[in-house]
Structure formats: structure tokens, C-alpha cells
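Asks: Below: one structure in C-alpha cells.
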Amino acid sequence: MDDSTLIASSKRGIEDRLSITAEFYTLNNTQANSAKYILLSSEQISQTIVFDLFPSPLIPICSLTLKALTLSKSFHFLGVWFCLSASSRFVHDQCTSMVKDMAALLSPKKLLAQHVAYLYNIVLLSRLEFRLQTTLFAESTINHMVFPMLSLIQQKAGFASTTPLSALFTLLPFSIQQAFGRFLSSHVAS
């Protein structure tokens with residue numbers, strides 16, 4: 001059995017569902033790693049919560065202790081990222097991390113600048129576009145976000161670090177796409 005989702009409007013409701021789940025696991029000779037349980041709550045709680053399970057001969061434990069996820073922390077559910085605080089900060093951090101990881105991965109590789117430009121245009125911008133479907137940042141924020149990759153292309157092309165990045169967008173062999181323009185047109189189209 002893979003992931004299970006228990007939804008209730010109160011602590012008592014979650015205790016009821018956890019008890020039923022524990023009995024189900026016992027009856028089916030299945031074990032669940034309670035250390036991997038994630039507790040989400042729309043209330044401002046950040047402490048550890050003890051859930052008292054209903055007494056049953058099928059349940060070997062009487063209580064379960066879970067730490068609630070903070071409202072500002074993002075979580076992944078059914079292929080979609082959520083943040084209960086409705087902040088765009090987690091999207092920004094994910095995108096920035098994605099760009100930095102790709103730049104760090106490609107930096108030591110023996111690739112031509114055109115190869116890195118292709119990966120930037122086709123792979124990275126597509127992934128960022130998907131991630132930014134619901135969020136549109138200012139042009140300066142987007143430019144700062146993708147700077148590590150543009151800097152890597154500049155380095156692989158053998159340009160001096162003082163060469164303006166605008167040269168990458170105008171030189172034909174690179175055909176670098178403007179990230180902000182692409183994301184803006186994606187938002188307008190949808």
C-alpha cells in the first residue's frame with residue numbers, strides 16, 4: 001500500500017481515522033512508518049501533537065505523536081506543490097534551486113556553449129515554466145533567478161565576465177530565449 005490521506009475537521013476525527021487505519025494495517029499484516037507521516041493543519045500550530053488512538057485488541061500502540069508542518073513550508077501532494085501560507089517564496093526558492101543545481105551539474109562537463117544554451121532553452125525553461133504556472137515574478141527577479149545558467153553559457157563561450165549578458169540573446173549560435181518573456185507569454189496564453 002502506498003500513500004494514504006486522512007482528512008478530518010478536528011483532532012478527534014483524525015484520531016478516529018488513525019485508529020481505523022492502524023486496525024486495517026494489523027488485519028492485513030502491514031506496517032506503516034509513522035516517522036514519515038506528515039500532519040497538515042490550517043491552524044497556526046508548530047508543536048508536536050499526540051493523537052490518542054481508540055483502545056482495540058488489534059492496535060499495539062495507544063498513541064501516535066506527529067509534528068505539524070509549519071504553514072510556510074511547502075509540500076508535495078499528487079504531483080503538485082502546495083504551501084498553506086499562500087506565499088510565493090517557496091516557488092521562488094524551488095526555481096532558484098533548480099537553476100543552481102543545473103548550473104552546478106553542467107559546469108564541470110566538457111560541453112560547448114551551444115549545448116548548454118540548448119539545455120537552458122529546452123530543458124530548464126520548460127521546467128521553470130511548469131513550476132511558475134501559478135506565479136509570475138518581476139523581470140528582475142526572473143533574470144536574477146536564471147543568472148547562474150546565463151553566466152555558465154557566457155563562461156563556456158569563452159566570453160569575459162564583463163561581457164553584457166545581452167550579447168548572449170543577440171548572437172545567432174546561442175539563440176537564448178528571454179526567460180521573462182517566455183513566462184509572461186505562457187501566463188497570457190493560459
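The values are calculated or read from the model by the stated rules, or taken from the named source; none is laboratory data. Bear in mind the structure is a predicted one, so any value in this text is a computation, not a measurement. Backbone-built Cβ (ideal geometry, glycine too); neighbour counts: all protein chains shown.
Asks: Name the residue that is nearest to S87 (Cα to Cα), counting only residues in the range 53-71 that are hydroxyl-bearing (S, T, Y) and part of a loop (DSSP other than H, G, I, E, B).
Replies: T70
Asks: Filter the range 6-39 for residues that are surrounded by 10 or more Cβ atoms within 10 Å (Cβ to Cβ), hydrophobic (A, V, I, L, M, F, W, C) and out of contact with any strand residue (DSSP E or B) (no Cβ under 7 Å at 6 or more places or on another chain); which is farthest from A86 (Cα to Cα)?
Replies: The residue in question is F24.
Asks: So, one more: Can you give me the number of residues within the range 102-139 that are within 13 Å of H187 (Cα to Cα) and hydroxyl-bearing (S, T, Y)?
Replies: Summing the residues that are within 13 Å of H187 (Cα to Cα) and hydroxyl-bearing (S, T, Y) in the range 102-139 gives 2.
Asks: All but one of (1) charged (D, E, K, R); (2) over 30 Å from S41 (Cα atoms); (3) loosely packed, with under 14 Cβ neighbours inside 10 Å hold for D93; state the number of the condition that does not hold.
Replies: Condition (2) is where D93 drops out.
Asks: Could we say that L136 is surrounded by 14 or more Cβ atoms within 10 Å (Cβ to Cβ), modelled with pLDDT under 90 and among the aliphatic types (A, V, I, L, M) here?
Replies: Criteria met by L136.
Asks: Under 6 Å between Cβ atoms, at least 6 apart or on separate chains: pull out the pairs that start in the range 141-168 with a residue that is within 19 Å of K100 (Cα to Cα) and end on any residue that is surrounded by fewer than 21 Cβ atoms within 10 Å (Cβ to Cβ) and of a type in the set (D, E, K, R).
Replies: Cβ pairs passing all conditions: P148/K100.
Asks: Within the range 2-22, can you find the residues that are of a type in the set (A, V, I, L, M, F, W, C) and more than 13 Å from S56 (Cα to Cα)?
Replies: Correct list: L6, I7, A8, I14.
This table checks each residue for (1) in contact (Cβ under 8 Å) with a residue 60 or more places away in the chain; (2) under 27 Å from R131 (Cβ atoms); (3) exposed (fewer than 13 other Cβ atoms within 10 Å of the Cβ).
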position: D3; (1), (2), (3): no, yes, yes
position: S56; (1), (2), (3): no, no, no
position: A68; (1), (2), (3): no, yes, no
position: F75; (1), (2), (3): no, yes, no
position: L84; (1), (2), (3): no, yes, no
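Asks: Restricting to the range 162-187, and then to whatever is of a type in the set (S, T, N, Q) and within 31 Å of the chain's Cα centre (by Cα), can you tell me which residue is nearest to H115 (Cα to Cα)?
Replies: Looking at the filtered set, the residue picked out is S175.
Asks: Cβ-Cβ below 6 Å, separation at least six or inter-chain, first residue in the range 11-39 and in a strand (DSSP E or B), second at pLDDT below 85: which pairs?
Replies: L39/L66; L39/A68
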